[in-house]
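The values are calculated or read from the model by the stated rules, or taken from the named source; none is laboratory data. This is a predicted model, so every value here is computed, not measured. FYI the Cβ positions are ideal-geometry reconstructions off the backbone, even for glycines, and counts take in every protein chain you see.
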Amino acid sequence: MKELFPKQHVMGFGFSLLLTVVALAVVKFDMSFNMAFGILLVTALAQATVQLVLFMHIGESEDKKTLYTTILYSVFVGVVTILGTLFAMIWGYN
Amino acid sequence: MSMEEVFHPMQEPMILAAAISIVVGAVVIVAGLTYFKKWGYFYKNWLSTVDHKKIGIMYIAVALLMLFRGGIDALLMRAQTAVPDNGLLDAQHYNEIFTTHGLLMILFMAMPFVIGLMNVVIPLQIGARDVAFPRLNAVSFWLFAAGCGLLNLSFIIGGSPDAGWTAYFPLAGTEFSPTVGNNYYSLALQLSGIGTLMTGVNFIATIIKMRAPGMTLMKMPMFTWSILITNIIIVFAFPVLTVALALMMLDRQFGTQFFAMQNGGMDMLWANLFWVWGHPEVYIVILPAFGIFSEIIATFARKNLYGYKSMVMSMVVISLLSFLVWAHHFYTMGHGVMVNSVFSITTMAIAVPTGVKIFNWLLTMRHGKIQFTTPMLYALGFIPIFTIGGVTGVMLAMASADYQYHNTMFLVAHFHYVLIPGTVFGVLAGYHYWWPKMFGFRLNEKLGKAGFWFIAVCFNVTFFPLFILGLDGYARRMYTYSESTGYGPLNMLSFIGGIGLAVGFALIVYNIYYSWKHMPRNEKADVWDGRTLEWATHSPVPEYNFAVVPTVTRLDEYWFAKKEGRDITAGKIEKIHMPNNTGTPFWMSGFFFLAAFFAVFNLWIPAIISMIGVFGFMIHRSFEKDHGRYISVEEVMATEKSLRGDK
Amino acid sequence: MKIDSSLPLEYSTEENRLKIFGFWVFLGAEIVLFATLFTVYFTLQTRTGSGPNGAEIFELTPVLWETFLLLTSSFTIGLGVHAMRIGNKKAMMAFFIITLLLGLGFLGIEIDEFITYVDEGATIQTSAFLSALMTLLGTHGAHVTFGFFWGVAILIQVAGRGLNPQTANKAFIFSLYWHFLDVVWIFIFSFVYLKGLIS
């Protein structure tokens, strides 16, 4: 039975539950919006990394460099789309 | 919607004539296939093929057809505006044809032409036997064809989209565009867009994972590089279009408020999303042309490409910058100085890597022994004309000056000066260059050159006057103007140029017929004395591409091997694994087409039934056991012998 | 077909490696797809028209349940792939079935959430904010639904054909898809619900 639950996965699961609880702090405690947003950003990115590295094994194949590049490129385009749109349509709008 | 409304467009004599000609054409094809008993051949060899070369040829055939469909739109526009107060077309018809002209030329002519060429050439150029996912490739093509068919159908049934190819809200919303035209827009583009996205995934995997042994990234031919970068842009830009089109459909057909004028909607958000995809799209159609010109200039200048590394770097930089400039399409929307300044700077920055490429091409030709073949003429014509397009682009990039040029004919002239010498010259150059590889005979050079000169000269006659008209304040998309504006003479000149362009394109098509009749067959494999691997295998190319996969040690391996008298395709022949043909992609896309067609008219029950058909084919595919087949050594030897023996 | 037995089954043939690679590239496209939906949501989130805003309609308890179910399902499918790699078909199938059931539980809660919204008069047509919210959630939910049927199809094949390079490859690719949906949910949980509740 034990061999069905590798340590890496169990730890990853524990870690992701922990991160969820930490993120919950923003609604349970009184804090500034910037602080709360910072916590959410850090926990969400950490969660994504846990999934990508521990569960999806992005680093295990022969193409790991290309895969990291692909994911980083898509994140670049995604972030540019989000921030650029907010910049053009809201923050920088007269 | 009543039947009368559905067939409303047919009341226009010109559309009725077009509709009749489509029906007659379809009947002739069906009757012909039946009479000559070619249905089996047609289905087995084309409709169900997974061979990248045949899929490429089908893409190019559709692209040429759409070039004519879009070209007729263009001629009608020029004819309508040739004289003041012209009554040839009414405003509605004019709106429809400038919309479909843009859509067809960008999405159903430039894109498939580029994708067709990459299908034919890329696996050959990297020494592969097929693409990474041959069946997915067929799905891509048939989804594209379904989208293309749907958009063309709009012309006859229900009315074409009429809010411009950019379909800005609120004009494209149901309030101002109550016909089904823009439903066609969202659904037809969605189908072909999904097909294109799959092509992107397929070719990235092909180029990254299937190169011939020894061909590292920095030993890849420049065309392969340009296609790799193009597909990276496709994969990361097309999802934005997918979302934008889905939101458009939701707004128009499900009453959501994304781009609405009330309830918090934001009409310009559509323009924003459209151009987040739309600007990278410009580079999707232009970068492959850069790759084609690089191959052709190196081949016919008989020199290696100057500045290989800087060429690669400039394309990588262009691919990143292409995602950072989109807001320059709507400087006049009313956002602040900061936004316009930032996007002005990123836009002007793109001119730098593009300039690097122009200089590299010029330096490649320096001291070269230039052969003036048809493809080379297109490459030579491209450089000066494209530079005019580029320089006017920098003018438009300056936000404050753009307030003067915005939505005038100056803009129209600019993007035609970029897209025609860039994309159209590029794909035509590639088409003449690789034609012998596809079919085993050449296109007639005299006709090819005559076509080039007609196009190059008449292009300038058509579009240069538009710069002047634009600076004089002639707004785009006006169906007519009064005589007192003084726009008449230059518009007439432009119309005359348009006729010349039509003659040029007609010559290109006549050349297919002429060369098919008269040009010698069994052309040798390496017709142009080329540099890259596609010239190492027979023309036309056997199904398995290479009997023995060549090994590569440096850039232009084939060229150096020829000099040294080595045969890089020599070696021990082994049995070759190939995928089986399958009709699934064709039928699945057929159901997709039906689903989209019913959805256009809000007929949800038949649409859902058709989607169940789509999912049925997916499940069938998942459970299917098909491991492909082997071509035996004897069979390969026999094919090789007959192909060699003929030479 | 050459089978490289030094690698796990799902990587063992050239075709399998190509498919895994291609799927990663496709996931890159999916990242951009969801980023665009987030773009739309962030742009429109304050534009509530005459409808309610996020703080007025979001409820933490069901959202926490959804998060817990999806996080756990991502864990169990990871265990399923691990079981597959050590050749334990039974355990692999059990973990996959648990995963899909957790996915169904998630969908149940999400459907209930949508019904509640509509009952409160917050429909997809009410305001730009709600259009954006429901399209984002709906696209994620549609992915989970598609994943459920996909998973069932793979389980049937594993049950009938056993673990071989083809079925293992499909199961592995499916697991990538499922993990990815969990990642997307984390961002929805953080930047739609939690952020909506505090602002």
ask   = Taking the range B:617-629 as the search range and keeping residues that are outside any strand (DSSP E or B) and basic (Lys, Arg), which one is surrounded by the fewest Cβ atoms within 10 Å (Cβ to Cβ)?
value = B:625
inquiry  = If I filter the range C:124-146 for residues that are more than 16 Å from residue C:42 (Cα to Cα), surrounded by fewer than 19 Cβ atoms within 10 Å (Cβ to Cβ) and within 7 Å of chain B (Cβ to nearest Cβ), do I get at least one hit?
reply    = yes
message = Could you check the range C:103-129 and list, in sequence order, the residues that are more than 24 Å from residue C:71 (Cα to Cα) and acidic (Asp, Glu)?
response = C:119, C:120
key: Output for the range C:39-69, where each listed residue is among the aromatic types (Phe, Trp, Tyr) and surrounded by fewer than 18 Cβ atoms within 10 Å (Cβ to Cβ)   = C:65, C:68
ask   = On the given criteria, is residue B:614 within 14 Å of chain C (Cβ to nearest Cβ), surrounded by 15 or more Cβ atoms within 10 Å (Cβ to Cβ) and in a helix (DSSP H, G or I)?
value = yes
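Matching residues to (1) more than 26 Å from residue B:217 (Cα to Cα); (2) at the interface with another protein chain (Cβ under 8 Å from one of its Cβ atoms); (3) under 16 Å from the mean Cα position of the chain (by Cα); (4) of a type in the set (S, T, N, Q):
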{"position": "A:29", "(1), (2), (3), (4)": "yes, no, no, no"}
{"position": "A:44", "(1), (2), (3), (4)": "yes, yes, yes, no"}
{"position": "A:62", "(1), (2), (3), (4)": "no, yes, no, no"}
{"position": "A:67", "(1), (2), (3), (4)": "no, yes, no, no"}
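Can residue B:243 be described as assigned to a helix (DSSP H, G or I), without any contact (Cβ under 8 Å) to a residue 40 or more places away in the chain, within 14 Å of chain C (Cβ to nearest Cβ) and not hydroxyl-bearing (Ser, Thr, Tyr)?
Considered against the rule, which asks whether it is assigned to a helix (DSSP H, G or I), without any contact (Cβ under 8 Å) to a residue 40 or more places away in the chain, within 14 Å of chain C (Cβ to nearest Cβ) and not hydroxyl-bearing (Ser, Thr, Tyr), residue B:243 comes out as yes.
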ask   = Looking at the range B:331-343, which of its residues are touching a residue at least 24 places away in the same chain (Cβ under 8 Å) and surrounded by 22 or more Cβ atoms within 10 Å (Cβ to Cβ)?
value = B:331, B:340, B:343
ask   = Considering the range B:71-110 alone, what residues qualify as being among the β-branched types (Val, Ile, Thr) and either surrounded by 19 or more Cβ atoms within 10 Å (Cβ to Cβ) or more than 24 Å from the chain's Cα centre (by Cα) (or both)?
value = B:81, B:83, B:97, B:99, B:100, B:106
task = Mind counting the residues in the range A:3-27 that are of a type in the set (Gly, Ala, Ser) and either in contact with a Lys or Arg (Cβ under 7 Å, 6 or more places away or on another chain) or more than 9 Å from chain C (Cβ to nearest Cβ) (or both)?
result = 2
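Quick check on this structure: which one of A:33, A:87, A:37 is facing another protein chain (nearest Cβ under 8 Å), surrounded by fewer than 15 Cβ atoms within 10 Å (Cβ to Cβ) and either of a type in the set (D, E, K, R) or in contact with a helix residue (DSSP H, G or I) (Cβ under 8 Å, 6 or more places away or on another chain) (or both)?
A:33
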ask   = Of all residues in the range C:46-95, which are of a type outside the set (S, T, N, Q), assigned to a helix (DSSP H, G or I) and without any contact (Cβ under 8 Å) to a residue 40 or more places away in the chain?
value = C:56, C:64, C:68, C:75, C:79, C:82, C:83, C:90, C:91, C:94, C:95
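Condition check ((1) at pLDDT below 95; (2) in a helix (DSSP H, G or I)) across all residues:
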position: B:342; (1), (2): yes, yes
position: B:348; (1), (2): yes, yes
position: B:359; (1), (2): yes, yes
position: B:369; (1), (2): yes, no
position: B:381; (1), (2): no, yes
position: B:412; (1), (2): no, yes
position: B:430; (1), (2): no, yes
position: B:441; (1), (2): yes, no
message = For the range B:248-259, which positions are touching a residue at least 12 places away in the same chain (Cβ under 8 Å) and facing chain C (nearest Cβ under 7 Å)?
response = B:258
